[in-house]
Amino acid sequence: MFLQGKKIVLGVTGSIAAYKIPHFVRLLIKAGAEVKVILTNNAQDFVSPLALATVSKNSVLCTISDASVWNNHVELGLWADVMLIAPCSANTLAKFANGICDNLLTAVYLSARCTVFIAPAMDEDMWKHLATKANLDKVIQYGNKIVPVGHGELASGLVGEGRMAEPEDMLNMLTDFFANTDKPLLGQKTLVTAGPTYERLDPVRFIGNFSTGKMGIAIAESLANKGANVTLVLGPSAFNTTNKNITTIHVESAKEMHTACMEIAEVAHIFVLAAAVADYRPSDIALEKIKKKEERLTITLTKTDDILADIGKIKQPWQTLVGFALETNNELEGARKKLKDKNADIIILNSLKDEGAGFGHDTNKITMLNKNGNSIAYDLQSKKAVAEIIVNNIIKHIHDEKNN
Ligand code: CTP
């Protein structure tokens, strides 16, 4: 499933191991990948372009241009989700190490922006030569990934190290690679709050709000699908989730939600506080049902603790804090103030003026503000799609922070 729809440029160079490549391409195609094969001149002595074109269901590329067609190496390099050179001869390895560009494969390699895997294949003595070792070190330094060579019978008849990894092993390696890049939040502890809170007045009444928890639950699911380990602190909501990577803690009041959140505040990497937490609670909860007596009833309210603000106060540089702002007037200004006052990294602004957005709807319309002062307004779309946008922005934020 992880290779489904993935675009792979497969470079094949002059080595006897090239005879295994049609089988390998067949495995990739079966797994749902799209494969474009580039053959060097020497590779064509070991495997036929026609065989590879047939199994890859794509024309095989051999030269930068022939009489009438120019193969755009830059475009190919950008098209690929991953590039794999298998088998990679000592000669091509040396070219990669030194930036030599004398054929289509080396040109695509130099233009590629994706991860490049190199699966060397050569005789043991060539493999162990200091020049090969130095070249290998260089390409690793450039950020390429090496597919370990195997031990066994070599083309020379000798037995030793230098065999290209088996097609099945290369398939597993690519599957693992995509499984991990599809799960960029693997190992990230994440806290999401969702839903309303109910603040009790007496044994039968409460002060609450119209939040359903749908937006927060969609965010929790999107985070979990990207590998995060999610704790969802959920107020009274008719909805829930069955996602195995989400642990749900059910709470009722702002106080309970605050306590549950603060217990994990020191260890979580990411916080997304989407709950519509009551700002005030009745100062006293009547032990008996409040009787209908006077014409007017006055209830005194006390401010609740602000979870977002309290986490903002103890936030560490490795933690990412995302809050929501529900505004009805001076929206951007209010959201910017919340971002600053509560020490958040990102604030998601919901406007009640937008039709189809907010409580109860299956759609939402947001504006995302980050602490650098940038804001992006998005169109109305499903809460699931909005959750994806929010989570992708969190991933981008974490990535940018790491690289600063
Ligand atoms: N929030 C919170 N704890 C509270 C109140 C709010 O964690 N006791 C969080 C919400 O989950 C949301 C953000 O704070 O992420 C903003 O909530 P909002 O009600 O829009 O803002 P307030 O700070 O309560 O300010 P105001 O009501 O004045 O707009």
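Before moving on, here are some points about what is shown:
- Only one of Glu252, Glu256, Glu263 that is of a type in the set (D, E, K, R), open to solvent by less than 90 Å² (accessible area, probe 1.4 Å) and in a helix (DSSP H, G or I): Glu256
- Within the stretch 29-41, residues that are assigned to a helix (DSSP H, G or I) have Cβ atoms under 8 Å from residues that are open to solvent by less than 20 Å² (accessible area, probe 1.4 Å) in these pairs: Ile29/Val35; Ile29/Ser56, counting only partners at least 6 apart in sequence or on another chain.
- Evaluation of Thr298 against the conditions (1) part of a loop (DSSP other than H, G, I, E, B); (2) hydroxyl-bearing (Ser, Thr, Tyr); (3) open to solvent by less than 50 Å² (accessible area, probe 1.4 Å) shows that the sole unmet condition is (3).
- Scanning the stretch 342-356 for residues being at pLDDT below 95, open to solvent by less than 40 Å² (accessible area, probe 1.4 Å) and away from the ligand (no atom under 12 Å from the Cβ) gives a total of 1.
- Test result for Phe239, more than 19 Å from Arg200 (Cα to Cα), in the same structural domain as Leu321 (by TED's automatic domain parsing) and within 10 Å of the ligand (Cβ to nearest atom): no
- Within the stretch 150-178, the set of residues being assigned to a helix (DSSP H, G or I) and open to solvent by 20 Å² or more (accessible area, probe 1.4 Å) comprises Glu168, Asp169, Leu171, Asn172, Met173, Thr175, Asp176, Phe177.
So that you can scan it fast, the table gives a plain yes or no per residue for (1) aliphatic (A, V, I, L, M); (2) touching a helix residue (DSSP H, G or I) at 6+ places or on another chain (Cβ under 7 Å):
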| site | (1), (2) |
| --- | --- |
| Ile270 | yes, yes |
| Pro282 | no, no |
| Lys293 | no, no |
| Thr300 | no, no |
| Gly312 | no, no |
| Thr320 | no, yes |
| Lys340 | no, no |
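- Residues of the stretch 180-210 that are under 25 Å from Ile394 (Cα atoms) and open to solvent by 20 Å² or more (accessible area, probe 1.4 Å): Asn180, Thr181, Asp182, Lys183, Pro184, Leu186, Gly187, Gln188, Lys189.
- Scanning the stretch 271-279 for any residue that is away from the ligand (no atom under 12 Å from the Cβ) and modelled with pLDDT of 95 or more turns up nothing.
- The set of residues in the stretch 306-341 that are in a loop (DSSP other than H, G, I, E, B), in contact with a strand residue (DSSP E or B) (Cβ under 9 Å, 6 or more places away or on another chain) and within 10 Å of the ligand (Cβ to nearest atom) contains only Thr328.
- Considering the stretch 357-373, and only residues there that are in contact with a Ser or Thr (Cβ under 9 Å, 6 or more places away or on another chain) and of a type in the set (D, E, K, R), the residue that is least open to solvent (accessible area, probe 1.4 Å) turns out to be Lys365.
The values are calculated or read from the model by the stated rules, or taken from the named source; none is laboratory data. This one's a predicted model, so the numbers in the text were calculated from it and none came from an experiment. All Cβ positions, even for glycine, are placed from backbone atoms using ideal geometry, and neighbour counts span all protein chains on display. Accessible surface areas use protein heavy atoms only, side chains included; no ligands, DNA or RNA. Shrake-Rupley method; radii C 1.70, N 1.55, O 1.52, S 1.80 Å.
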